[in-house]
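Following: one structure in structure tokens, then a few remarks.
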Amino acid sequence: MQTGTKISALAHGLLLGWAFLGGVFETDPLPFEVQDVSVISAEDFALMTGRSRTPEIDAAPSEPEPPLSNATPEVTAEPDSPPVRSRPEAAPEPVPEPLPETLPEPAPPAPVAQPDPQPAPVPPETETAAVVPAPPAPPQRPSERIAPEPVAPPPPEARPDPVEREEVAPEQQADSTREAQEASAPEEAATEIVTEAEERAVLAPTRSPRPAPRPARPAAPAPRAPDPARTEDAVAAALSEALAGAQARPATAAPSGPPLSAGEKEALRVAVSSCWNVGSLSSAALATTVVVAVSLTQDGKPQMETIRMVSSSGGSEASAKQAFEAARRAIIRCGARGFALPAEKFDRWRDIEMTFNPERMRIK
Amino acid sequence: MKRFLLSFLLGWAIVAHSAMAQDGGPLRIEITEGVIEPMPFAVPDFVPDRPNAGDVAGQIARVIAADLSGTGLFREIPAQAHIGRVSDFSAPVRFADWKAINAQALITGAVSTSGNRVTVRFRVWDVFSGAELGNGLQFAGDRDGWRRMAHKVADAVYSRITGEGGYFDSRVVFVSESGPKNDRKKRLAIMDYDGANVQYLTDSSAIVLAPRFSPTGDRVLYTSFETGFPRIYVLDVGSVRRRILETREGTMSFAPRFAPDGQTVVFSIEQGGNTDIYSMDIASGGTTRLTSAPSIETGPSLSPDGRQMVFESDRSGTQQLYVMPSGGGSATRISFGQGRYGTPVWSPRGDLIAFTKQNKGRFHIGVMRTDGSEERLLTASFLDEGPTWAPNGRVIMFTRETKGAQGQATLYSVDITGRNLRPVRTPGGASDPSWSPLQN
């Protein structure tokens, strides 16, 4: 290599090194505004809205009682002490701040050549932005059907069907090519069971509690020096776990092609949900989660003989059986016309495992 | 350099693992939201083995359909909508016919008669999976007992579909009322849970109150003013014989209820202006005082395991619910909502306590956990009171009284979710229901 070339390379290297290390390419961070936010707790919000709440009950007994004789059980003859675990008292009515009295109009001050008084120091106003949950939904009307989304009463002439269609009457003279069809609409549904006692519940807020004070700023965690030995151990463990997991899987039958998008999975989930009727399940079955495997045909229809319970949790064998039967009915009913799945991704949805978790349905 | 290589290997391994996990396994989704709606079912008339059994075969099918529909968990598809016909109990079911009308469950049956004997056979089918739920079953009995056989079939169907016990083959004892409010005649009556087969156990010469079934359903406790003072009686349902439970002279005893062992009764005695709870061994007559507060303690009800007792007391100044050991001892208040709470009844499942609540001029029937949590009001009216549990702990029956001098007491039932509120058919007015266990 020529001496000139070496000098040129060295000079370029030095120049690039100076550019990277000297911060030539670094820019100032964009302005970023930070604002403190306080979150209203569920209890505060319940107080604010005035809704009745059930009391929190501790496991421990409320008040100690003297030991009792064996012959005749004695019970304290005194009226019991005020309940310790009573529901949180409603916030006291806010005492209005004394309004400033109206003072007579001051006479125009005589022009006195005096220095302006120094204004009293005003403490900086604390800005607290409260994140208020969405306002409570208006009282629902009782409905025989409880579904994830509320549905208004369908027209009286409409046939119950998950898909809403308008009626098309056959017209002899019309040029329209639309086929005659019967009007259909989804059945009326509410999202929660409304009891007779709740029908007239007033959910509008009746009082507004004072905003909570700004929470103390958490102390910044002290920077920890990395432990090289520990890091290497963790890396080695994760490496071995990942490799073991990869080797444990059979290398055969790996479907090809792009996976299902989140929207396609969601459409399948919604389709099965609309047929998963837990209304006739026992409370034990409603506490049981079952994983059900099913294989689909290419037109998206479930193969009945492949529907099986993979596992269950949270209940007895009998309750798992009931929960599985409800899940199986949902798959068969809603899959009778074939689930709407992309045919080009058949390899991806040929075998499905559906976890039916009724936890959220127990509180409807 | 070593660290760089380790990071590279780790990244490659994670990518490879996730790719293989995505590729090799089935598609996994989680369903957390479903629907709650009555399950459509079909009960075609049962197949009679001979023409003269046709009537009873049809009646049995109607009672089964009414039982299941009455729960609110099922909806019958009327016979007019049926496409398929069942003319042979042993013939294969044409599921396509029942799928077409969206029947999710199908009940087929046959009735055979021999003299005064009736035999009912039935099967339950899951229409969409084309499988039978459980095995076929048959009941036999006298012709007069066809309603009970229908109730038993309905209990079996309910149990196979829901996984919990039924309550159709049970009875209710109640106070039958007639006349205006200022001159009301009351007498004890007993009926099937659905209001059929009403029989009267006492005449209306004395006021009777608060009948309560024994755990075996063969005896009834009730309070009568026959002697001028309220006294507790035990009545044998089969023989309609009764005897008084002896308590101290000059005291008023009321609000009785059997303990789960059926041999002990808990009740209240008013003496000297103070009311406390006592227990009595029915065989020996020995009594034990369970509370001794200067306040009013009454309405005791024991848990199914017999270890705890819930009762109402005004020791805090207002009427509230308390739980204490069944032998007496420290009582823990469990009701803390607004208003007054009374008439607590422990569920046969042991998980809930039903109660009457009075708040802002209205009465409610509600349920709460045994520690007082998760209170839920199920009803609201001018006057609702006196809940009693169905044998399976899923349904509550209670008294609803309307306003005014002509107001009448009626029995209502409601599911513990607050759904399916409906009146119970009785001849005339009715109050103070007590639900029996399932009959044998």
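Only the coordinates and a few stated rules stand behind these numbers; no lab work does. Values in this document were obtained by computation on a predicted structure and should not be read as measured data. Every residue, glycine as well, gets a Cβ built from its backbone with ideal geometry; the counts of neighbours run over all protein chains shown.
How far is helix B:54-70 tilted off the main Cα axis of chain B, in degrees rounded to 10, range 0 to 90? Approximately 90 degrees, to the nearest 10.
Summary: within chain B, the longest segment free of trypsin sites (Lys or Arg not before Pro) located in DSSP loops with at most 12 other C-beta atoms within 10 Å is B:86-240. For B:LYS152, the lysines whose Cα falls under 29 Å of its own Cα, not counting residues fewer than eight places away in the same chain, are A:LYS321, B:LYS99.
Under 8 Å for C-alpha pairs, at least 6 residues apart: give me the relative contact order for region B:171-435, rounded to a whole percent. It would help to have the intermediate numbers written out before the result.
Details: 733 pairs, mean separation 35.4, N = 265.
After rounding, I find 13 percent.
Taking GluC sites (Glu not before Pro) as exposed when their DSSP state is a loop state and no more than 16 other Cβ atoms lie within 10 Å, the longest site-free interval of chain B runs over B:1-225.
Once you average over the residues of B:292-303, how many Cβ atoms of partner chains fall within 10 Å of each Cβ? The partial results should precede the final answer.
Details: counts 6, 7, 3, 4, 0, 1, 0, 0, 0, 0, 0, 0.
Averaged over the peptide's residues, the number is 2.
Computed over region A:281-361, relative contact order equals 45 percent, with contacts defined as Cα pairs under 8 Å that lie 6+ residues apart.
In order along region A:7-12, phi translates into HN-Hα couplings of 5, 5, 4, 4, 5, 5 Hz, rounded to whole numbers, per the Karplus curve 6.51 cos²θ - 1.76 cosθ + 1.60 with θ = phi - 60° and x for Gly and Pro. Averaging the sequence gap over all C-alpha pairs within less than 8 Å and six or more residues apart, then dividing by the number of residues, gives region B:113-264 a relative contact order of 12 percent.
Counting only residues at least eight positions apart within a chain, or on another chain, the lysines with an alpha carbon under 18 Å from that of A:LYS265 are A:LYS301, A:LYS345.
Mean per-residue shielding of peptide B:156-163 is 5, counting Cβ atoms of other chains within 10 Å of each Cβ.
Counted by Cβ distance under 12 Å from A:THR355, the other residues give a net charge of -1, where Lys and Arg count +1 and Asp and Glu count -1. Working from Cα positions, state the angle (0 to 90°, nearest 10) between the long axis of helix B:2-24 and the longest principal axis of chain B. Helix B:2-24 sits roughly 80 degrees off the main axis of chain B. How charged is the neighbourhood of B:VAL86? Take every other residue with its Cβ under 13 Å from the Cβ of B:VAL86, and add Lys/Arg as +1 and Asp/Glu as -1. Neighbourhood net charge equals +1. Determine the sum of side-chain charges near B:LEU209: Lys and Arg each +1, Asp and Glu each -1, restricted to other residues whose C-beta is under 13 angstrom from that of B:LEU209. Summing Lys and Arg as +1 and Asp and Glu as -1 gives +2. Taken residue by residue and averaged, Cβ atoms of other chains lying within 10 Å of the Cβ of B:356-363 number 1. Lysines near B:LYS403 by alpha-carbon distance under 28 Å, same-chain residues fewer than 8 away left out - which ones? Excluding near neighbours in sequence, the set is B:LYS181, B:LYS185, B:LYS186, B:LYS357, B:LYS360.
Among the trypsin sites (Lys or Arg not before Pro) within region A:256-325, not one is in coil by DSSP while having at most 13 neighbouring Cβ atoms inside 10 Å.
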